[in-house]
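Nothing in this text is a laboratory measurement; each read-out follows from the coordinates by a stated rule. Since the structure is predicted, the reported quantities are computational estimates derived from the model, not experimental observations. Using ideal geometry, Cβ is built from the backbone for each residue, glycine included, and neighbour counts are taken over all protein chains shown.
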Amino acid sequence: MQLLFKPEIQTHFALKDVSFNVEPGSFVGLIGANGAGKTTLLKILSGLIPPTEGSTRVLGYNPFERPLDFRRKIALVMGQKAQLWWDLPANDAFDLLHAIYDIPDKLYRERVQILSELLDVKQHLQTQIRRLSLGERMKMELIGAILHWPSVIFLDEPTIGLDVMAAAKLREFLKVFNQREKSTIILTSHNMDDIERLCSRVLILRAGELIYDGKPAGLLREGERRLKVRFSLVPDLEELSRITRLPLNQISVAMSERAEDPDLAPETGGVYFTLKQDQIVPVLQILMQHGTIIDMGIEEQSLESVIQRVFEGGIKP
Amino acid sequence: MNWRLAALKNGFKDYTAYRVEFLMEILGNAIVPAAIQWVLWYAIFKTDGATELAGMTYVQMLHYTLVSVLFNQVRGGDQDFELAEMIRTGQLSNYLIRPVGLIQFIYIRGVASKLLISALSLAIGIVLSVSVLSSEASPLRMIGAMLLALLGNVIHFQIGAVLSAMAFRWEDAYGLLMVKNMAVSILSGELLPLNLFPESMSWIWKSTPFYLYVFGPAQYALGEWTHLEFVRQLGVAFLWIFVLWVLIRFTWGLGIKKYVSLGG
């Protein structure tokens, strides 16, 4: 009864002290674990919600004032929110957007043709949206979002749920569009392929804080490898640090890599060592003297694995 | 094409995407209130033997039933529920980023089917006015009555828009909108002519704009209201539209600041 009259309200800050500038025409990746604040940031930048503190300027406008000119120049695509009407074919929705954005007829027809060909959905323009596959629907959403040739495009997980082919096609399209039209694109994605192949700059959010702002390559340290060793007995990381004389931040517990496991669990006995090439043999020799090794392997550093470690707090960028 | 026309066209296509469903909705809206009224009038006049009820005869009651069914079709739809749901689920974001007036856009898209229905209802009403209805009824009166019913449609949406803005604060306004719809069923005259209300209680329906949806248009179409009264009621309708427009701007202006665009 108490909850009925006095609901319990908890305030949670989704973003803290986030500050950055984006150059026109750039392609920026916004990444972070679930709940890191990526979508909130996009909502603020696109004017859907105001920041509780601080200010934002996009194309010289205060987004939350949502002036008509601002709305004409931006696009927001949210992978989990359909913008087109479920029971109508995409063409009907595009016709309405044509009128809303007052796109000249000839230009409108050209754009629909170009975009539908580029994304390989021309044959589905007359099909009800609900009858399309997820990938086809997402491509239609993207066409609908950029028909007016926006100067700034916010993409929130546009490749979510897409198969490899559809995601690749969408990525290719975004790359071409960004290069050809010089639109500024801010993309959030959990798919590191999207980030690696498209973005010249990455912003990493962790628990609402901007912890990295730079080139994706800047996260990879040159010449570093990851040595993965699985011991018969679960070792103590501090003890491993002492015997190998490696700092503790270069040693971490290996996490389960099962894709279906949403909460990564420690892998029994598995430990990662981040090393230079010439450190690998000496470290292995020391480890073999101190315990029984069941399995070992050397991994190249992928952006994905680096970012995963950043999210887990194992690396300070 | 102007975006308003394009939205009308788009809305019409959307509402008629499933033709059988569209027709069933029209028939359902016509048959249910008509059946309720007919059963009631039959019981009172034929079974119970009454000759008059609130100054109306059996035939007059049946005429009211016929005409009220036509105007009931024009009564506002469920766009207010749609608005509240969009606020709750965050789907409103899709519209907020478009360079059009949000409330206007939702209304125009939603009213498209009602415009077609009102044209059909008007045609039927005109035929009825020269064939079945009393001599006071006329095609001109039917046109005026339909205009009033259309203004009622605007008012209905506006009230719904104001109430749906509560979803910004409460997250859900479904219950509130349902209560409003129940009040509309009773106070619009779609189920019973409002002159059945005792005189001492007539202030209840007179103090809401709901009577402008069905009862008012029916009164004018059946010749119960003078032309002067009709013009006065048109003025009342426009006044409600203005007041509600101000209220929409106020409630949505406040509400949008609380919008959180859920559903990531």
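Residues whose amide H comes within less than 5 Å of that of A:MET78, counting only those at least five positions distant or on another chain, are A:ASP156 (H built at 1.01 Å from N in the peptide plane). Modelled this way, with points 7 Å down the Cα-to-C-beta line, the labels at B:VAL127 and B:MET201 are 3.7 nm from one another. So which residue, out of B:PRO99, B:PRO193, B:PRO33, gets the largest mean-square fluctuation from a GNM of chain B using Cα contacts under 10 Å as springs? Of B:PRO99, B:PRO193, B:PRO33, the Gaussian network model singles out B:PRO99 as fluctuating most. Each of A:SER252, B:SER129, B:SER200, B:SER138 was scored by other Cβ atoms within 10 Å of its Cβ. Listed from fewest to most, they are B:SER200, B:SER138, A:SER252, B:SER129.
A straight chain from B:LEU140 to B:THR226 at 0.36 nm per residue would run longer than the Cα-Cα distance by 29.7 nm. Would you look at the GNM of chain A, springs on alpha carbons closer than 10 Å, and say which of A:VAL77, A:VAL28, A:VAL112 moves the most? Top of the fluctuation ranking is A:VAL112. Among B:HIS227, A:HIS148, a tally of other beta-carbon atoms within 10 Å of each Cβ gives an order, fewest to most, of B:HIS227, A:HIS148.
Computed 3J(HN,Hα) for the stretch B:172-185, one whole-Hz value per residue from the Karplus formula 6.51 cos²θ - 1.76 cosθ + 1.60 where θ = phi - 60°, is 9, 10, 4, x, 4, 5, 5, 4, 4, 5, 5, 4, 4, 4, glycine and proline marked x.
Each of B:PHE215, B:THR251, B:ALA119 was placed along the dipole of the stretch B:108-264 (beta-carbon charges, centred on the mean Cα), and the one lying farthest toward the positive end is B:THR251. Springs between Cα atoms under 10 Å define the GNM used for chain A, and in it the highest mean-square fluctuation of A:LEU170, A:LEU76, A:LEU287 occurs at A:LEU287. May I ask you to derive the FRET efficiency for B:ASN181 and A:ASP213 from their Cβ-Cβ distance with R0 = 41 Å, giving the value to the nearest 0.05? Efficiency for this residue pair is about 0.20.
Applying 1/(1 + (r/R0)^6) with R0 = 22 Å to the Cβ-Cβ distance of B:ASN2 and B:VAL243 gives a FRET efficiency near 0.20. By the rule of a C-alpha distance below 24 Å, with chain neighbours fewer than 8 residues away ignored, the lysines paired with A:LYS182 are A:LYS38, A:LYS43, A:LYS73, A:LYS106, A:LYS139, A:LYS169, A:LYS215.
Size of the dipole of chain A about the Cα centre, Lys and Arg at +1 and Asp and Glu at -1 on the beta carbon, nothing else charged, in debye to 20?
Working: 38 positive and 42 negative charges, 132 e Å.
Rounded to the nearest 20 debye, it is 640 debye.
Near the amide H of A:LEU205, within less than 5 Å, lie the amide hydrogens of A:ILE31, A:GLY32, A:ILE211, all on another chain or at least 5 residues away, with H placed in the peptide plane.
What value, in deg cm²/dmol to 500, does the helix sum -39500 (n - 2.57) over DSSP H runs of n ≥ 4 give at 222 nm once divided by the residues of chain A?
-10000 deg cm²/dmol
Rounded to the nearest 500, the 222 nm mean residue ellipticity of chain B from helices alone is -23000 deg cm²/dmol, with -39,500 (n - 2.57) taken per DSSP H run of at least 4 residues.
Helix B:19-41 and the longest principal axis of the C-alpha atoms of chain B enclose an angle of approximately 40°.
Of the chymotrypsin sites (Phe, Trp or Tyr not before Pro) in the stretch B:11-96, the ones in a loop by DSSP (not H, G, I, E or B) with at most 15 other beta carbons within 10 Å are B:TYR18. For the stretch A:101-174, GluC sites (Glu not before Pro) meeting the loop criterion (DSSP other than H, G, I, E, B) and having at most 13 other Cβ atoms within 10 Å: none.
Per-residue Karplus couplings for the stretch A:87-101, computed as 6.51 cos²θ - 1.76 cosθ + 1.60 with θ equal to phi - 60°, are listed in order as 8, 10, x, 4, 4, 5, 5, 5, 4, 5, 5, 3, 6, 4, 8 Hz, Gly and Pro entered as x.
Placing a pseudo-label 7 Å from each Cα along the Cα-to-Cβ vector at A:GLU65 and A:LYS106 gives an inter-label distance of 3.6 nm. Calculated FRET efficiency, A:ARG130 to A:ASP163, Cβ-Cβ distance, R0 = 22 Å: about 0.70 to the nearest 0.05.
Loop-located trypsin sites (Lys or Arg not before Pro) in the stretch A:54-103 (DSSP state not H, G, I, E or B) with no more than 13 neighbouring Cβ atoms inside 10 Å: A:ARG57. Applied to the stretch B:249-255, the Karplus parametrisation 6.51 cos²θ - 1.76 cosθ + 1.60 on θ = phi - 60° returns per-residue 3J(HN,Hα) values of 4, 5, 5, 6, x, 6, x Hz, with x for Gly and Pro. The aspartates and glutamates whose alpha-carbon is closer than 13 Å to the alpha-carbon of B:LYS114, local same-chain residues fewer than 8 away aside, are B:ASP14, B:GLU25, B:ASP78.
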